[in-house]
1. Just for helices (runs of 4 or more DSSP H) wholly inside region 1-118: which have at least 1 residues that are among the aliphatic types (A, V, I, L, M) and in contact (Cβ under 8 Å) with a residue 60 or more places away in the chain?
2. If I filter region 141-162 for residues that are over 19 Å from Met247 (Cβ atoms) and touching a Gly at 6+ places or on another chain (Cβ under 6 Å), do I get at least one hit?
3. If we scan region 206-214, do we find a residue that is over 14 Å from Ile241 (Cβ atoms), within 16 Å of the ligand (Cβ to nearest atom) and in contact with a Gly (Cβ under 6 Å, 6 or more places away or on another chain)?
4. Would you check which residues across region 156-191 are near the ligand (Cβ under 10 Å from one of its atoms) and either free of Cβ contacts under 8 Å to residues at least 40 places away in the same chain or within 14 Å of the chain's Cα centre (by Cα) (or both) and list them?
5. Just checking, how many residues over region 193-236 are part of a loop (DSSP other than H, G, I, E, B), crowded, with 18+ Cβ neighbours inside 10 Å, without any contact (Cβ under 8 Å) to a residue 60 or more places away in the chain and touching a strand residue (DSSP E or B) at 6+ places or on another chain (Cβ under 7 Å)?
6. Among the residues of region 237-248, which ones are surrounded by 15 or more Cβ atoms within 10 Å (Cβ to Cβ) and assigned to a loop (DSSP other than H, G, I, E, B)?
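Each value in this text was obtained by applying a stated rule to the coordinates, not by laboratory testing. All figures in this text were calculated on a predicted structure; none of them were measured in a lab. When we count neighbours, we look across all protein chains shown, and the Cβ atoms used for this are built from the backbone with ideal geometry, even at glycine.
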Amino acid sequence: MDSNSRKVVLVTGSTGGIGIALCKALCEAGYRVVGNCRCPEKGAALQNELAEMSHELDIAIGDVGDYESVGRMIRSIEESIGPVDILINNAGVTKDKKFTKMSKDDWDYVINTDLNSVFHCSRHVIDGMIERKFGRIVNISSINAQKGQFGQTNYSAAKAGIHGFTKSLALEVAKYGVTVNTVSPGYIGTNMVMAVAEDIREKIVAQIPVGRLGYIEEVADAVSYLLSDKASFITGSNLSINGGHHMY
Ligand code: CAA
């Protein structure tokens, strides 16, 4: 077993498609997994789903868009379970609109949930990681940070900001055994992607060389690798998982 796999891992946005796959894969790999979400009922449902697979998942309720709420959540995890060794900043939302129709609220909502959350969560766990000389942070970005997408100025800006954050923090904490990486999924078969109008989605899928949407498990597997001992020399990187949809 990988020596990192007994560590405590916090997955934000755990009740979304990729979040669920992450929780399952990391429980299976033996990590002590804590799934964050805002809604206690959704958290309990995920916990029950994993319990049926004989996996013990802890749920941490908190709003990742709120710095104080994240602080309370992290303190409560530390008291009841232990320090967070691994953070996966996965929580994300969309509010797709042409820029000329985008309101300030549409902008703020996405920037706060998708980008400010990465600051909030990382800031509350980083000192402990540095002290313990071990940490892994994986930030979930998007293909649309890399290539842009009609209707996603807010989302593309937030997700591109994530990778700038990754590179700078990776530089600052490398000498303490903490790695910080970005994973950029392309179009994966999640509710978020299925919410795109069918005609638009079909045109997008037609642009994917592999010829299909990605599977949530394919993202979880790549994240698992970045958490393992085998990836200790990988930091500040941006791993694309997009079926060849965008290459650079
Ligand atoms: N490229 C170029 N032009 C486009 C376009 C595109 N992709 N999409 C719409 N248009 C054009 C239309 O042809 C139309 O032009 P005319 O006015 O000249 O006829 C015009 O824009 C329509 O404008 P509307 O303001 O009426 O826009 P809409 O309401 O029809 O659609 C939108 C706007 C909802 C943002 C739509 O473009 C859309 O769904 N885009 C896809 C967004 C997307 O891919 N989201 C990904 C969500 S999943 C995710 O984000 C996960 C991840 O990380 C990958």
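1. Fully inside region 1-118 and qualifying: 17-28, 67-80.
2. No, region 141-162 contains no residue that is over 19 Å from Met247 (Cβ atoms) and touching a Gly at 6+ places or on another chain (Cβ under 6 Å).
3. To start, the set of residues in region 206-214 that are over 14 Å from Ile241 (Cβ atoms) comprises 206-207, 211.
This time we only want the ones that are within 16 Å of the ligand (Cβ to nearest atom), so: 206-207.
Keeping just the survivors that are in contact with a Gly (Cβ under 6 Å, 6 or more places away or on another chain) gives none.
No, there is no match, as no residue in region 206-214 is over 14 Å from Ile241 (Cβ atoms), within 16 Å of the ligand (Cβ to nearest atom) and in contact with a Gly (Cβ under 6 Å, 6 or more places away or on another chain).
4. Passing the criteria: Ser156, Lys159, Ser184, Pro185, Gly186, Ile188, Thr190.
5. 1
6. Once the filter is applied, which keeps residues that are surrounded by 15 or more Cβ atoms within 10 Å (Cβ to Cβ) and assigned to a loop (DSSP other than H, G, I, E, B), region 237-248 yields Ser237, Asn242, Gly243, His245, His246.
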